[in-house]
Amino acid sequence: MHRILTEPVANLVRQQVELLATEGVALSFEPVALRAIAKAAVEANQRVENTGARRLHAMPERILEDISFNASSQPRAPAWSSRRRWLRSGSAAR
């Protein structure tokens, strides 16, 4: 899952970074956070319907939901970096 998330030229991480850049948000993902996202996708596939790699599409969207919806209302361009502790809070596996 980690390779699918990061290796393709138009990977999901790059898509999210570029999408939020249009709102002035400087987004970055730490390697440990990317592994946590991949692990959460595998675990979610084991708990509910196994949708395979398609599960990865939902993970970054759910994690970044608040940031995505609030980015345009920020007074200045915020920077955001993923944190493993935040991912463990359960936000990724909603």
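Here are a few things to note about the model shown:
- Filter result for Leu19 (modelled with pLDDT under 85, out of contact with any Asp or Glu (no Cβ under 8 Å at 6 or more places or on another chain) and buried (at least 16 other Cβ atoms within 10 Å of the Cβ)): no
- For the range 22-36, the set of residues classified as surrounded by fewer than 15 Cβ atoms within 10 Å (Cβ to Cβ) and under 19 Å from Thr6 (Cβ atoms) consists of Ala26, Ser28, Glu30, Pro31, Val32, listed by residue number.
Residue-by-condition table, conditions (1) in a helix (DSSP H, G or I); (2) loosely packed, with under 13 Cβ neighbours inside 10 Å; (3) modelled with pLDDT of 75 or more; (4) basic (Lys, Arg):
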position: Ala38; (1), (2), (3), (4): yes, no, yes, no
position: Ala44; (1), (2), (3), (4): yes, no, yes, no
position: Ala53; (1), (2), (3), (4): yes, no, yes, no
position: Met59; (1), (2), (3), (4): yes, no, yes, no
position: Asn70; (1), (2), (3), (4): yes, yes, no, no
position: Ala77; (1), (2), (3), (4): no, yes, no, no
position: Trp80; (1), (2), (3), (4): no, no, no, no
position: Trp86; (1), (2), (3), (4): yes, no, no, no
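- Scanning the range 9-30 for residues being assigned to a helix (DSSP H, G or I), touching a helix residue (DSSP H, G or I) at 6+ places or on another chain (Cβ under 9 Å) and of a type in the set (A, V, I, L, M) gives a total of 4.
- Screening Ala33 with (1) in a helix (DSSP H, G or I); (2) out of contact with any Ser or Thr (no Cβ under 8 Å at 6 or more places or on another chain) gives one miss only, at (2).
The values are calculated or read from the model by the stated rules, or taken from the named source; none is laboratory data. Every value quoted in this text rests on a predicted model; they were computed, and no experiment measured them. Methodologically, a virtual Cβ is constructed for each residue, glycine included, from the backbone with ideal geometry; neighbour enumeration extends over all protein chains shown.
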